[in-house]
Structures are given as C-alpha cells and as structure tokens.
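The structure appears right after this line, and notes come after that.
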Amino acid sequence: MPANLPPKYLEILERMKSARRIFALTGAGVSTLSGIPDFRTDKSGIWERFDQTKIFNIDTFRKSPHLFYEFAREWIYGLKDIKPAAAHILLAEMEKRGMLRGIATQNIDGLHQESGSKKVYELHGHFRSSHCIECGKKYSREDTIQRLKNAPYPACDCKGAIKPDVIFYGEELPGGALEASFQEAMMCDLLIVMGTSLVVYPAALIPRHAISSGAKMILFNKTWTPFDDAADLIIRDDLRDVCGALLDAIKKE
Ligand SMILES: [Zn+2]
C-alpha cells in the first residue's frame, strides 16, 4: 500500500485496481503539459495569431491551402522537443501493465503513441500521414514536409494540395475510431476522462455510452463539465501532480 499517497489519490488507485476493464478518453488538457496550447482555453500566443476554426476548415483549405500551412509549417511540422507528459506516460504504463484497454483521444499530436500507448483511437485524426485532396494519393509526414519546403503548400504530382490526415471542421469523423470507442465505452466498467471539458460531440457521447452501460467514471478536469454530476470522482488537481503520483504508486505495486 503506497503510504505517501493522499487519500483522494489512494481512492483513484483503488478504483483502478478493482476495475475489471478500464477505458480512457483524453483531450487537450493532457497535451497542454507538453506545451501544446489549447485553443479553447488559451486565447493568447499562437491562437491570437491564427484562427483555428478558419485554418482547420475544409472549405478554406480547398480554396487556400497555404493559409493552413502558414500555421502548420511552424507549429506542426516545425515543432521539435514536444515530449509526452505525465498523463500520457501514466496511461501508457497502465496499458503496459494490463490495467487499461485503450484510449480514445480528441488530440491530434500523436503523443499517446509516442509515450508507448498501443491502442489509441484518434477521433480527430493525426499528422503522421497525409493525402492529396484531388487524387487521394498518400504521403508520409516526411514527404509532406519535403514538399512544403520552398512552396506555399505541399502539392501532389497531380498539382492537388496535400492535406494531413487530421479531421478538419466540415469533415466527417473517422467512423471506425468513433464506433470502436463507443464499443469500448459500453464494455468498460471504469471510464477515465482526462483533460477534456466534454463539450465537443460526438466525443462527449463516449461518457454517455459508458455511464448508460453501468460504468463508473473518474473525471480529471480543472473546470466544470456537463458530466460532473454523473462522475463518481472528480479530480481538479493539476494532471502533472495527480498523474505523477499515480505513476509512482503503480510502479511500486
Ligand atoms: Zn494528387
């Protein structure tokens, strides 16, 4: 029994250990610890310069792909030293130890995989690959970066714009990832929600499916969410603190 754990954290640990099947849903809050600003809560810095709802809009992209790449050249493809943080590391360790079935994430940064998580449902896609919006030809991240050099946007051999496999506003979510997440939510008996205010649908349907199937829910979020009343445990603490403490405790088990 990890004696140095505060009672509240001890309760989380006990609930995790006694659960039969745990699934997790993560949002921007787990990646702000890695230095990726959350455009919903952080209106300063990068999101003052770029209107996320505009640059990640598929209609805008089709007309003016360079607008997206003015942002992405520096803030996606130019980023270095972005490393997984406490929440990513904790969830990866839990999966490794057989405590976690998988993660549904609203994030597009790939940090869960980078920290070693294997089963990750990326509801909003990712930047690891791209495709031509005209002919559909696939490109790797490296190819995309290569074609972006000295060009306003990366273009396909057919001259069409190359777009990362991230879901833009106005595009359908990848049905497979969403459907699989709903299934996991309905089968789990404990849902861990981290760093999301649960206001974006259809991701917010995941806790709904879990709860209506009888699962318990631990909610880690700094601010109020529409699901607070349905949560069995609400943790407002900084994710760095609580995830760090839980990781230490799990490793000592
Ligand atoms: Zn093409």
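The values are calculated or read from the model by the stated rules, or taken from the named source; none is laboratory data. Predicted, not measured: the structure shown is a model, and the values here were computed from it. No Cβ is skipped: glycine too gets one built from the backbone with ideal geometry, and neighbour counts run over all protein chains shown. These area figures cover heavy atoms from the full protein model, side chains too; ligands, DNA and RNA do not enter into them. Shrake-Rupley method; radii C 1.70, N 1.55, O 1.52, S 1.80 Å.
Does region 221-233 hold any residues that are open to solvent by less than 60 Å² (accessible area, probe 1.4 Å) and free of Cβ contacts under 8 Å to residues at least 60 places away in the same chain, and which are they?
225, 227, 228, 230, 231
Residue by residue through region 183-203, note down the ones that are hydrophobic (A, V, I, L, M, F, W, C) and in contact with a strand residue (DSSP E or B) (Cβ under 9 Å, 6 or more places away or on another chain).
The answer is 185, 187, 188, 190, 191, 192, 193, 194, 198, 203.
Among the residues of region 200-212, is there at least one that is at pLDDT below 95 and surrounded by fewer than 14 Cβ atoms within 10 Å (Cβ to Cβ)?
yes
Exactly one condition in (1) open to solvent by 10 Å² or more (accessible area, probe 1.4 Å); (2) under 21 Å from residue 56 (Cβ atoms) is not met by residue 125; state its number.
(1)
Do any strands (runs of 3 or more DSSP E) entirely within region 180-253 hold 2 or more residues that are closer than 14 Å to residue 22 by Cβ, and if so, which? First the steps, then the outcome.
Details: elements: 190-194, 216-220, 233-235.
Qualifying strands (runs of 3 or more DSSP E): 190-194, 216-220.
Counting just the residues of region 155-174 that are within 15 Å of the ligand (Cβ to nearest atom) and not in a loop (DSSP other than H, G, I, E, B), which one comes out surrounded by the fewest Cβ atoms within 10 Å (Cβ to Cβ)? First the steps, then the outcome.
Taking region 155-174 first, the residues within 15 Å of the ligand (Cβ to nearest atom) are 155-165.
Filter once more, keeping what is not in a loop (DSSP other than H, G, I, E, B): 155, 161-165.
Working: 155: 16, 161: 21, 162: 22, 163: 23, 164: 23, 165: 18.
Result: 155.
Would you confirm whether or not region 91-101 contains a residue that is out of contact with any helix residue (DSSP H, G or I) (no Cβ under 8 Å at 6 or more places or on another chain), assigned to a helix (DSSP H, G or I) and either closer than 29 Å to residue 197 by Cβ or away from the ligand (no atom under 16 Å from the Cβ) (or both)?
Yes, because at least one residue in region 91-101 is out of contact with any helix residue (DSSP H, G or I) (no Cβ under 8 Å at 6 or more places or on another chain), assigned to a helix (DSSP H, G or I) and either closer than 29 Å to residue 197 by Cβ or away from the ligand (no atom under 16 Å from the Cβ) (or both).
Only one residue in 192, 218 is crowded, with 21+ Cβ neighbours inside 10 Å, of a type outside the set (Lys, Arg), in the same structural domain as residue 96 (by TED's automatic domain parsing) and under 15 Å from the mean Cα position of the chain (by Cα), so which one is that?
192
Can we say residue 131 is at pLDDT below 95 and either outside the structural domain of residue 28 (by TED's automatic domain parsing) or buried (at least 18 other Cβ atoms within 10 Å of the Cβ) (or both)?
no
For the condition touching a strand residue (DSSP E or B) at 6+ places or on another chain (Cβ under 8 Å) and either at pLDDT 95 or above or of a type in the set (S, T, N, Q) (or both), what is the one hit in 159, 163?
163
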